[in-house]
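Here's the structure we're looking at; comments come further down.
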Amino acid sequence: MQIKSKLPNVGTSIFTKMTALANEHEAINLAQGFPNFPSSKKLIDLVYSYMKKGMNQYAPMPGLMQLRVRIAEKYFDIYNIQYNPETEITITSGATQAIYTSIAALVYEGDEVIIFEPAYDCYSPAIRLHGAIPVAINLTTPDFSIDWEMVKKKINSKTKMIMLNTPHNPTGTVLGKRDMQELEKIVSSTDIIILSDEVYEHIIFDDLKHESILNYPKLAERSLAIYSFGKTYHNTGWKMGYVLAPKELTREFRAVHQFLVFAANTPIQYALADFIQDKNEYLYVNEFYQEKRNLFLDLIKSSRFTFTPASGTYFQLLDYSGISDKNDTEFADELTIKNKVAGIPLSPFYKTPPNNKVLRFCFAKTDKTLEQAAEILCRI
């Protein structure tokens, strides 16, 4: 049988590759972005209790109403913006599904979608699968900022969507107020849709403010904002997320969503509807992860790696230019095989990667794991 691939140049993801390499060589895995400590026992017990109560069949296609109501209350409390839980909030099977569904619903063959690289690895394939063209703009190094003049030059009549990600994976940078103001000016008087990936919304450091797309009404009215319970509550394997969007965009989103997954996990939705009412569980997660970041950076301060502290997410970039001339994939492999610490190279997140000698390390780990990894990194 001859099969023509829709993604002929896409192999195994870098996350799968580096985790497999870490497992093979018994290396400390700071590559893949998941916590190695447990989620809240209270939340786990809530899921179990709803399973025992028999809440194990399909949830409503848009998501459990009480969960959508409490999400609406949360964002009214944070941004003083009102989303209708009936028509403007949808529960998804993770943020990646939400991103894919948004593109599937709203992007057509021949459209152009602007993405900023290094970009999370699901963006470009989802665009190409729907016959559209990803227009990659490299973030400006060394601070990984957006060149808005370049964005203006790339916009044309075919531009259908701009994808944002803040706090940003893989660089750990965050967009500021000026970025949002520039974006607002650029898209005014156009029909461009914004897809704002804000899954690390609560993981932001050093008293910085998360500049959500929701905080800018003229942007919010043309945007799908995507969030993740897994990133906030330390349970990435549950694959639970949600989308906030105006009803016109939500209608198109749900038209596709119902045929991709129909509905997300039922007992977990019941549990989250209860758990989300405790604001402390999400308002102070930034303090928890800032302590992790500070510990990791303090532990490696005597190493030959250099760094700028991450402003958000639970990822830290380390520059190895003072250690090796190898490219980032070669150095990542060597670090894993020889030194037994796995990180992620940035080049797979680009169409045309610059010659940056940096790796991404995840610090969402126990203190013991960070201490063990740092001891090795300091010996290199």
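The values are calculated or read from the model by the stated rules, or taken from the named source; none is laboratory data. Just so it is clear, the model here is predicted, and its values are computed rather than measured. All Cβ positions, glycine included, derive from the backbone under ideal geometry; neighbour counts span all protein chains shown.
Values for this structure:
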quantity	calculated
Candidates T190, T173, filtered to the one that is over 21 Å from L297 (Cβ atoms) and in a loop (DSSP other than H, G, I, E, B)	T190
Criterion: of a type outside the set (G, A, S) and touching a Lys or Arg at 6+ places or on another chain (Cβ under 8 Å) - qualifying residue of I127, I133, I162, I103	I133
Single condition R222 does not satisfy, out of (1) surrounded by fewer than 17 Cβ atoms within 10 Å (Cβ to Cβ); (2) over 18 Å from the mean Cα position of the chain (by Cα)	(1)
Matching option when the condition is in the same structural domain as T366 (by TED's automatic domain parsing), closer than 24 Å to Y200 by Cβ and hydroxyl-bearing (S, T, Y), among T101, T19, T92	T19
Scan of region 182-234 for residues that are without any contact (Cβ under 8 Å) to a residue 12 or more places away in the chain and not charged (D, E, K, R), ordered by number	S189
Residue list for region 228-251, restricted to those being outside any helix (DSSP H, G or I) and of a type in the set (V, I, T)	V243
Residue pairs meeting the criteria (Cβ under 7 Å; at least 6 apart or on separate chains; first at positive phi, in region 313-333; second among the hydroxyl-bearing types (S, T, Y) and outside any strand (DSSP E or B))	T313/Y200
Filter pass, F253 being of a type in the set (F, W, Y), farther than 17 Å from T171 by Cβ and not assigned by TED's automatic domain parsing to the domain that holds P345	yes
Members of region 171-192 found to be farther than 19 Å from L317 by Cα and either hydroxyl-bearing (S, T, Y) or touching a Leu at 6+ places or on another chain (Cβ under 6 Å) (or both), listed by number	E184, S188, S189, T190
Verdict on D121 being assigned by TED's automatic domain parsing to the domain that holds S196, over 20 Å from A225 (Cβ atoms) and modelled with pLDDT under 95	yes
Complete set of residues in region 285-322 that are of a type outside the set (G, A, S), closer than 18 Å to E198 by Cβ and part of a loop (DSSP other than H, G, I, E, B)	T313, Y314
Residue match in region 340-349 (condition: out of contact with any Leu (no Cβ under 7 Å at 6 or more places or on another chain), at pLDDT 95 or above and more than 23 Å from S124 (Cβ to Cβ))	yes
Residue check for D143: acidic (D, E) and either touching a Cys at 6+ places or on another chain (Cβ under 6 Å) or buried (at least 17 other Cβ atoms within 10 Å of the Cβ) (or both)	no
Subset of region 235-260 that is crowded, with 19+ Cβ neighbours inside 10 Å and of a type in the set (A, V, I, L, M) - its residue that is nearest to S39 (Cα to Cα)	M240
Qualifying residue in region 264-273 (condition: part of a helix (DSSP H, G or I) and under 15 Å from K74 (Cα atoms))	yes
Filter pass, A332 being over 28 Å from L208 (Cβ atoms) and in contact with a Ser or Thr (Cβ under 7 Å, 6 or more places away or on another chain)	no
Of residues in region 155-191 being of a type in the set (S, T, N, Q) and out of contact with any Phe, Trp or Tyr (no Cβ under 7 Å at 6 or more places or on another chain), the one nearest to H202 (Cα to Cα)	T166
Of residues in region 346-367 being within 23 Å of I204 (Cα to Cα) and assigned to a helix (DSSP H, G or I), the one nearest to the chain's Cα centre (by Cα)	F349
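A quick yes/no check of all residues on (1) without any contact (Cβ under 8 Å) to a residue 24 or more places away in the chain; (2) at positive phi; (3) not acidic (D, E):
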| site | (1), (2), (3) |
| --- | --- |
| P60 | no, no, yes |
| A72 | yes, no, yes |
| D147 | yes, no, no |
| K158 | no, no, yes |
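Residue-by-condition table, conditions (1) touching a Cys at 6+ places or on another chain (Cβ under 9 Å); (2) in a loop (DSSP other than H, G, I, E, B); (3) among the hydrophobic types (A, V, I, L, M, F, W, C):
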position	(1), (2), (3)
R178	no, no, no
Q181	no, no, no
S196	no, no, no
E201	no, yes, no
L208	no, yes, yes
K218	no, no, no
I226	no, no, yes
F253	no, no, yes
H257	no, no, no
